[in-house]
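The structure under discussion appears below in the form of structure tokens.
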Amino acid sequence: MSTPNVNHVIRIGDAIEANTSFIAAKYTIPTTNGLTKLFYETENGLKSVDLLNLTESDIQDLEAACHPATFGVNNEDVLDPSYRKALKMDKAHFVTNFELKQEDIGLDIPGFIANFLLDGYDVGKSIRTEIYKLNVYGKDSFFKTHKDTPRSSTMFASLVIAFPTPHCEGGEVTFTRENNDIDHEVFAVTSGSRVTITYNIYLEPITPAPKSDVTGTPEEVAFEQTITDALKDPEFLPDGALIAIGMQFLYPVEHGKTELKDLVDCLKGSDAMVRRVCTRLGLPVSLKAVYKDINFGSKGVSDFIMDKVADPRDLSAMEGESLLDYSLPGALRLREVKSTGEYITGSHKERGWKLKSARVLWIVRPAQFSEFESPFIAYGTEASIEFAYSYICLMADIPSADSESRIRIRGSS
């Protein structure tokens with residue numbers, strides 16, 4: 001028989017994952033408005049083409065002005081034609097008068113994105129778009145499964161616009177979702193060529209922020225109801241605990257530089273929804289870094305929580321000991337609450353370690369794509385390079401069932 005924890009965890013998790021993590025749209029743009037011109041550099045000077053009326057000759061000229069396309073791996077650009085075969089032109093070498101928002105023809109791509117990723121009303125935020133690069137996928141070009149990498153703390157999405165080209169077949173973009181991990185792939189072009197322009201999308205604050213009384217989309221209303229139902233149930237976490245929700249989107253993290261408080265205002269989609277709902281319900285919510293702490297040379301693994309992303313220079317461990325024995329002051333050992341109400345204890349307790357702990361119930365486990373690694377020196381017979389693995393998640397503080405806030409919520413039904 002399921003416990004109240006199990007039932008509520010399933011319902012809350014389902015409500016979060018009801019939001020998708022990618023969108024596609026098709027727009028029809030008049031071919032006669034003259035606002036789809038592309039101007040680019042060649043060895044013989046400037047050339048121009050109409051992106052809505054590309055000819056095979058235009059595409060050949062574009063290809064001649066491009067260079068082999070790279071892709072990002074561990075913050076480095078890698079050229080590997082076996083993984084990505086395509087051509088690119090960096091933004092320094094072209095300009096276009098194509099605008100993503102054209103009111104006279106009803107085109108508003110930034111508004112469409114905001115309605116999805118910001119639920120249409122993320123108060124105090126605006127979207128800024130910036131051209132990143134142009135790509136040409138000729139015959140037999142492709143890009144294997146990959147994820148786009150955010151390039152700043154305020155970048156929260158990529159936009160790819162594919163322009164019509166003659167006799168193009170193949171080159172479709174497909175998306176795969178597995179355990180909240182979103183990958184996409186560009187299939188091989190079988191004939192003709194595909195021309196795209198990629199934009200980086202940034203989230204920026206508006207000062208002063210406008211007020212809003214909007215309560216959210218149907219998905220947000222449903223999520224808020226599931227949280228409220230759990231809070232009303234005195235058998236759900238009766239002693240209180242933190243609930244942890246793995247991020248549904250990818251965010252840029254730089255060791256020793258990223259401040260989690262700076263990422264809070266750049267949350268998107270369901271991540272932002274979770275924060276908004278918890279805030280409305282009066283639940284303290286924040287971003288946490290969860291580290292997997294391996295005890296080198298001894299038994300056991302004990303996760304720990306931090307309010308910041310650790311600087312690798314602060315990490316160290318002796319063989320047979322833990323990262324927490326030598327570094328990371330202020331860290332809390334993660335004492336996991338099972339859905340059954342039992343606990344999973346780490347090896348620190350067995351060794352008599354006096355570390356403060358936090359009781360945590362996982363609602364949605366972190367996706368693999370959100371994990372990042374931090375190198376550090378492990379000392380033993382010989383010093384060696386080891387890695388600490390961590391991920392970012394949202395944690396909300398659920399008060400005990402006899403607290404005034406939960407009694408007030410129960411009384412509101």
- What list of ³J(HN,Hα) values in whole Hz, one per residue of segment 235-247 in order, does the Karplus curve 6.51 cos²θ - 1.76 cosθ + 1.60 (θ = phi - 60°) give from phi, with Gly and Pro shown as x? 8, 8, 6, x, 9, x, 4, 8, 9, 10, 10, x, 5
- Can you work out ³J(HN,Hα) from phi for every residue in segment 264-274, in order, using Karplus 6.51 cos²θ - 1.76 cosθ + 1.60 and θ = phi - 60°, giving whole Hz and x for Gly and Pro? 4, 7, 10, 5, 9, x, 5, 4, 5, 4, 4
- Note on the structure: 1/(1 + (r/R0)^6) with r = Cβ-Cβ of ARG359 and LYS101, R0 = 35 Å, i.e. FRET efficiency to nearest 0.05, evaluates to 0.15
- Task: Heavy atoms only, probe 1.4 angstrom, no DNA, RNA or ligands counted: give me LEU51, LEU242 ranked by accessible area, highest first.
- Result: LEU242, LEU51
- Largest first, what is the accessible-area ranking of GLU259, GLU235 with a 1.4 Å probe? GLU235, GLU259
- Would you please give the residues with an amide H less than 5 Å from that of ARG365, counting only those at least 5 places away or on a separate chain, with H modeled from the backbone geometry? GLY246
- Message: If amide hydrogens are placed 1.01 Å from N in the peptide plane, which non-local residues have theirs closer than 5 Å to the one on LYS268?
- Response: none
- Computed FRET efficiency, Cβ-Cβ of HIS184 and SER152, R0 25 Å: what is it to the nearest 0.05? 0.75
- Surface accessible to a 1.4 Å probe, ARG11 within the full protein complex, Å²: 130 Å²
- Could you calculate the FRET efficiency of GLU130 with ASP397 from 1/(1 + (r/R0)^6), where r is the beta carbon distance between them and R0 is 41 Å, rounded to 0.05? 0.65
- Query: If the limit is 24 Å between Cα atoms, which of LYS144/LYS268; LYS37/LYS91; LYS147/LYS268 go over it?
  - Reply: LYS144/LYS268
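The values are calculated or read from the model by the stated rules, or taken from the named source; none is laboratory data. The model shown is predicted, which means the values in this text are computed figures rather than measured ones. We place every Cβ from the backbone using ideal geometry, glycine too, and count neighbours over all the protein chains shown. Side chains included, ligands, DNA and RNA excluded: accessible areas come from the protein's heavy atoms. Shrake-Rupley method; radii C 1.70, N 1.55, O 1.52, S 1.80 Å.
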